[in-house]
């Protein structure tokens, strides 16, 4: 499959998020992978808007995965203002070099939970998960699973450092389950 055909869903996704404003960048490294994410916000989703991210992931096996995500998040209606929930969708498109039939995409749904510990130095724990079954997968992809946990430290009001673990797996047409990422990582997030 042509790489340009894989980029088409990402382009449509970006056009649908027209009122986006620049918000920040996120850079994540592990011993065998790297991911760069451009973060924006849009006021056209829901009551408080949405966080939008465009990312590119590469690993040591020369697999490339692009993603576009929309996450609507906020505090719950209860008394715990330090607890934040988010729900959203993530569109994946990738070229997997590990297998012959490894070009495709998928639309996943998922969520995020983040708790900020009450302390003088802001420290937070984050968990997120996204899942795409075969019915919403394209071309050679038969599904995507992604899970992530991280411990974040706010270095300044506009910069966060974090350490965590992520599992990212793609199931392809031939039945193989390709693990793109299954290790600890460190990262930084800058807001502007």
Item to check | Fewest-first ranking of 140, 62, 26, using other Cβ atoms within 10 Å as the exposure measure | outcome: 62, 26, 140
Checklist entry - Ordered by packing density, taken as the mean number of other Cβ atoms within 10 Å over each peptide's residues, highest first, how do 27-36, 143-152 rank? => result 143-152, 27-36
Checklist entry - On full extension of the chain, what length is gained from residue 83 through residue 134, given 0.36 nm per residue of separation minus the C-alpha to C-alpha distance? => result 15.1 nm
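Every number in this text was worked out from the coordinates using simple rules, so none of it is lab data. Please read these numbers as outputs of a predicted model, since none were measured by experiment. Glycine also receives a Cβ, built like all others from the backbone with ideal geometry; neighbour counts cover every protein chain displayed.
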